[in-house]
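J.: Dumping the structure here so I can ask a few things about it.
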Amino acid sequence: MARSVGGATRVADRVRVDCALVYVALLGAALTVGFVSWPIFAADTDLWYHLNAGRYVATQHSLPQAAFFSFVRPAPPWLDYYWLSQVLFYAVHSVAGSGLVELRALAALGTYAFILATLRVGQRGAGWGWTAVVFTWTALFLIGRLTMVRPGDLSYLSIAAFLFMLESRRGLLALPLLALLWMNLHGIEYPVMLLILGAYLGEWTLARFAVLASVPAPGWRAFAAVGAALLAVLATPHGFALIAAPFHSLAFASQYIQELRPVDLSGLLALRVDGLYVSRPSFLLLLLGASGLAVLASLQRASLRPAHLVLLAGGVFLLTRVERFSAEFVLLAVPLLAAFRPSLSAKPQLNAPLRIALGVAVAVFPFWHLYKVLETSCAFPLCTRALPEGSVAFLNWAGARGTVLNHPNDGGYLEWELQSRQQIYADLQTPFLFSDRDIFRADQAFQDPTVLAGLVSEYHPAFLLAPRKLAGLGKWVGQVSDYVPVFVDDASVLYASRASQADLVARFELTAIDPFALVVSGDPADPKVLARAAEEVARANEIYPAGGRMRAPGPGRMRPGRSRCMHRDQSSKDSSCMRERRRRTAFVCICETRDSVTPSTSPISRNVRFS
């Protein structure tokens, strides 16, 4: 009887292991399909300023020392701490435009592979249920960071690789070379590298001096490899200048860039589920809770390793500093969670049909979550929905010259597309390139007449490129300057100076349509006004036929006072018209790139009244 019960238990255990293995394999396959097929979204324009810097390094054979693409004076000095990532992005893009999708997939899947490998260190075939749980939570949480093409993706890959190598003690002699690459790919992440190397080096030192009997001490070559890797911080073109880079004040930038704000700890206490979609903060809450339980269990078992505790403490510190570091926290918690290994047996025991139904339900939700997160009808390989493509196409088509005063949200894309022919004001490389004052002025110039008048008087830009959301600009821009609208696309309105761009203004000034609302201006009963409006819309379509809301109707179909949302498929849920109806938030400082928020006050000027 005992033998049969033991055999049944072993069979049940084998079935559970096989089910977990199949589940992890299917989740890995789903992640692979998602990252290979999901287009690059213009959630912000960071990718393009990286491409632009990569092009500069590749063509000039030197690192940029100042903001060469900007007309701000004096030119802001530039510590380009991610120059190697930029060269890599530019090289991949030059070889194949869609290659950045594959590069993103390789970085993301490599990160997931190292996470899974770390979770399995020392497991010897057991614990696959817990592995599946932790891998699911970390994988779904990190999607929000890994779907964008940024140097940070390569830091996440490096963190995961270092943790696996140090936890398993495999490939340690390669650490100095990998550290050298990491510091030149994304040097500002050096405190995280020092934290990881220092945590294991300290633990090994305790083991070497027989203070920590539970951890076997590695050989001297491992110590030498880690010591050499620590020196990679200084092995960049910037030398000691890199040391101060991570410690810039983020007080102002955190007001309009969400990921630079501290994590809302009160918000973590709410587990938010919408159908089968679980929010990123909810996954973070689950991982925080599991990490706390792992610490308590390890203390009870007297098995808490110093390296794991240091990594977790460092991750929590980073998490409380800015929201961007939530990904670092999750990665740094993986070794501790891997060592936790709790029993996942259901208590009280459920009957077999109920266990199977519950298991299937739990296993299905990550795939539905992936479907909801990665679902898109946008073009592959690049979704340009929020970019000022049409205005850029107009400037290039007209062979325009002269500087462009832009909102920083669009800066990265503009500097890449306009190249050296036209300089812009600023992108969102703040506070590491542009000052708080520069970014404040760039934003408020499109909302405050006084700020715009000051910038125009100082720099005399030839063009203004206004975000279409800032429709208030059109009501007062003519009162403080000589700029008139000459082009409009789905995301922006382009203004030109009547004084410096007289010929272009004479040919392309928009006089019969409101470029923000796309309604006929002037006498709605005058057929000449309607005909001129139709002509202006048709001209915009001829220059930029890929536009959505500017689809040109015939002259007889122009309607006065009605929005010209002329989509090829007006019923599409992704159309600009539909998206605009869903937007109800009024932004004051609209630097919404990277999930930005609106500041209620500004540290630059307490006298400016935000409207």
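Coordinate-derived values only; no laboratory data. Note that the structure is a prediction, hence the values are computed from the model and not measured. Here Cβ is always computed from backbone atoms with ideal geometry, including for glycine, and neighbour counts include all displayed protein chains.
J.: Excluding residue 132 itself, what net charge comes from residues whose Cβ is under 14 Å from its Cβ, given Lys and Arg +1 and Asp and Glu -1?
T.: Details: positive: 16, 120, 341; negative: 18.
Net charge in that neighbourhood comes out at +2.
J.: Rounded to the nearest 0.05, what FRET efficiency is calculated for residue 248 and residue 60 with R0 set to 45 Å and r the Cβ-Cβ distance? Write out the running numbers ahead of the final one.
T.: Values: r = 26 Å, r/R0 = 0.58.
After rounding to 0.05, the efficiency reads 0.95.
J.: Could you compute the net charge surrounding residue 340? Neighbours are other residues with a C-beta less than 15 Å from the C-beta of residue 340; K and R count +1, D and E count -1.
T.: Details: positive: 120, 301, 305, 341; negative: 167.
Neighbourhood net charge equals +3.
J.: I need the Kirkwood Rh of region 403-496: take the reciprocal of the average 1/r across all distinct C-alpha pairs and report it in angstrom.
T.: Numbers: mean 1/r = 0.0755 Å⁻¹.
Its Kirkwood hydrodynamic radius stands at 13.3 Å.
J.: Length gain on complete extension for the stretch residue 531 to residue 98, per 0.36 nm per residue less the alpha carbon to alpha carbon distance? Let's see the in-between values first.
T.: On the way: separation 433, 0.36 × 433 = 155.88 nm, distance 4.18 nm.
The residue 531-residue 98 span can extend by a further 151.7 nm.
J.: With a sphere of radius 13 Å drawn around the Cβ of residue 455, what net charge do the other residues whose Cβ falls strictly inside it have (Lys, Arg +1; Asp, Glu -1)?
T.: On the way: positive: 73, 437, 441; negative: 438, 443, 448, 458.
Taking every Cβ under 13 Å from that of residue 455, the sum is -1.
J.: Oh, and also: List 397, 83 from most exposed to least, where exposure is judged by having the fewest other Cβ atoms within 10 Å. Mind showing how you got there, number by number?
T.: Numbers: 397 12, 83 26.
So the residues, fewest neighbours to most, are 397, 83.
J.: Using the per-residue mean of other Cβ atoms lying within 10 Å as a proxy for protection, in what order, highest first, do the peptides 301-308, 22-29, 442-449 fall? It would help to have the intermediate numbers written out before the result.
T.: Working: 301-308: 17.0, 22-29: 15.1, 442-449: 22.5.
The densest-packed peptide leads the list: 442-449, 301-308, 22-29.
J.: Any idea how far the Cα center of region 441-472 sits from the one of region 474-490, in Å?
T.: After rounding, the separation between the Cα centres reads 10 Å.
J.: To the nearest 0.05, how large is the calculated FRET efficiency for residue 511 and residue 421 if R₀ is 30 Å and r is the Cβ-Cβ distance?
T.: Working: r = 27 Å, r/R0 = 0.92.
Given R0 = 30 Å and the Cβ-Cβ separation, E is 0.65.
J.: Here's another thing I want to ask about it. Taking only the alpha carbons of region 71-162, what extent do you get along each of the three principal axes, in Å, biggest first?
T.: Projected onto its principal axes, the Cα set of region 71-162 covers 61, 29, 21 Å.
J.: Also: Subtract the Cα-Cα distance of residue 453 and residue 302 from 0.36 nm times their separation in residues, and report this length gain in nm to one decimal. Don't skip to the answer; put the middle values down first.
T.: Values: separation 151, 0.36 × 151 = 54.36 nm, distance 6.73 nm.
Full-extension gain reported as 47.6 nm.
J.: Could you let me know the centre-to-centre spacing of region 74-103 and region 276-343, using Cα atoms, in angstrom?
T.: Here the two parts' Cα centres lie 32 Å apart.
J.: How large is the Rg to Rh ratio of region 34-193 when both quantities use alpha carbon positions and Rh follows Kirkwood? Walk me through the numbers before you get to the answer.
T.: Details: Rg = 17.8 Å, Rh = 17.3 Å.
Radius of gyration relative to Kirkwood radius: 1.03.
J.: Moving on to the next point. Take 511, 131 and order them by how many other Cβ atoms sit within 10 Å, fewest up front. Spell out each step's value before the answer.
T.: Details: 511 12, 131 22.
The most exposed by this proxy come first: 511, 131.
J.: What are the ³J(HN,Hα) couplings of region 441-455, residue after residue, when phi is run through the Karplus curve with 6.51, -1.76, 1.60 and θ = phi - 60°? Round to Hz, x for glycine and proline.
T.: 5, 5, 6, 6, 4, 9, 10, 10, x, 5, 5, 4, 4, x, 5
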